[in-house]
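Notes follow the structure.
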Amino acid sequence: MERIALVILLLVPLSACSPARRGETLVLDSFESGSSLERWEGPAGLSREYPAQGKGSLELDLGEGRRRFLESEKLPRDWSAYQWLKFDIYNPEGRIGIGSIQIMDELGSDEQAAIEGQSYRGRKVFLNKGWNHYELKLTSLMVENGDRALALDRIRRFRLDFGPLEGKLYLDNFRLVSGEESPETASAADPRDCRVVIDNRYVYPGLAGPEEKIVPGREILGLRDRAGREVERLEEQVELAELQGYQTYYWRIPLITAQVGLGIRGKLVWFSSEQEERKILEYVISSCSEASQQVEELLTARGESQEEPEDEVNPQHLYVPPYPPLKGLRQWGGYFRDSRGEPVIVLSMLNVNSGPLLDYFAPFNHRLESY
């Protein structure tokens, strides 16, 4: 008897933990049959192209002009037992777009939603080219006014509005999810797809990942290597030019754009495709190579020439004069002019108070003078 009792005690905790790990999913629509069209309003039809799960999807034709939305009042009302609303949109167009999402509950009428902000609404549906997988966090949703949470147990209308966008979109697999989603209902996703997490008013677009599964092609690897070598070559040439007293503002521009393209833009999801990365890498290679050649030609010609340059202070064709004090500028002929009589144009940049870009703009404190 003691042995039997011990076995029972060991099994009880295991069975109690199982449902919590499994999670629950309620599929709102997967567009597998004609009955789906009875639930939705908008310029939509069933399609066998671009399904995220199963064999069917919903084709939304945004070319009708007036109707660029998808709306339903026939979905289940009670969403309170779920943590996420998930759905997928395939964007075959080459351009990036954005749409709006609106969820209305029974605590606010249409008039209150429009005038008093009594619905959840925002331009949150970021559309990258290709697949976009959306995860809307339900438990944090507030109405637009911000004075209350959305009543998840009394949902009455769901709407996606794509405003000025044109072309076609393919939507699929609208579902409510709590806990870990099972493979039977989850959408297929490539690591390079766009994953968009919406947490109330915040939107976090990123790669579906995981990043370690993204394997670049041989051509991209070759371009990355060439771009790195061209950046290093230009850095060396700029350093040599500075040692000889040359001003290097113009030659350093390709180095700054390389940092932007490779270090900042390359991490953004809308530039994550191999096609976009190829454009960045080819530009970096071309711009750095051209600047390196210009520096090499100038240094070589200066070293071989026995003649004195016409302007020993400024032997360069492209030269940025020092920033003049605004109070000392004189005006005639329609221009402010420096001490040499040359016209002066002062360029400034707001919100950037440090870094290499300040070499190309007036100091932040010039505004005190110009005002």
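A Förster radius of 35 Å combined with the Cβ-Cβ distance from D153 to R95 puts the calculated FRET efficiency at roughly 0.35. Rounded to the nearest 20 Debye, what is the dipole magnitude of segment 221-282 about its Cα centre when Lys and Arg each give +1 and Asp and Glu each give -1 at the C-beta? In debye, rounded to 20, segment 221-282 gives about 220. The stretch between Q244 and V352 holds 35.9 nm of extra length on full extension. This uses 0.36 nm per residue minus the Cα-Cα distance. For the residue pairs K129/K279; K74/K168; K55/K168; K74/K129, alpha carbon separations beyond 20 Å are given by K74/K168; K74/K129. Rounded to 0.05, the FRET efficiency of the S273 and R226 pair, given R0 = 25 Å and the Cβ-Cβ distance, is 0.85. With the biggest extent put first, the Cα atoms of the chain measure 103, 59, 47 Å across the principal axes.
Bridgeable aspartates and glutamates around K267 (alpha carbons under 16 Å apart, same-chain partners fewer than 8 residues away excluded): D193, E211, E212, E276, E277. Annotation for segment 109-131 versus segment 140-180: alpha-carbon center distance of 7 Å. I'd like to know which of L243, Y323, S35 lies farthest towards the positive end of the charge dipole of the chain, counting +1 on Cβ of Lys and Arg and -1 on Cβ of Asp and Glu. Checking the options against the dipole of the chain, the answer is S35.
If only the Cβ of Lys and Arg carry +1 and only the Cβ of Asp and Glu carry -1, the dipole of the chain around its Cα centre is close to 1220 debye. Within the same chain, aspartates and glutamates fewer than 8 places from K327 are excluded, and of the rest, those with a Cα less than 18 Å from its Cα are D338, E342, E369. Screening the chain for DSSP H helices whose Cα atoms reach 30 Å or more along their own axis and whose mean Kyte hydropathy is at least -1.0 gives 2-22, 218-243, 274-304.
Farthest towards the positive end of the charge dipole of the chain, among the residues L75, L85, H133, is the Cα of L75, using unit charges on the Cβ of Lys, Arg, Asp and Glu.
When the GluC sites (Glu not before Pro) in segment 65-158 are filtered for DSSP coil states and for at most 16 other beta-carbon atoms within 10 Å of their beta-carbon, the remaining sites are E73, E93, E106, E116. Close amide H contacts of I98 (hydrogens built in the peptide plane, cut-off under 5 Å, sequence separation of 5 or more or a different chain): L127.
The simple Förster model, with R0 at 45 Å and r as the Cβ-Cβ distance, assigns K55 and I115 a FRET efficiency of 0.55.
FYI, it's all coordinate maths here, none of it is from the lab. For clarity, every value in this text was computed on a predicted model and none was experimentally measured. Note: ideal-geometry Cβ built from the backbone for every residue, glycine included; neighbour counts use all protein chains shown.
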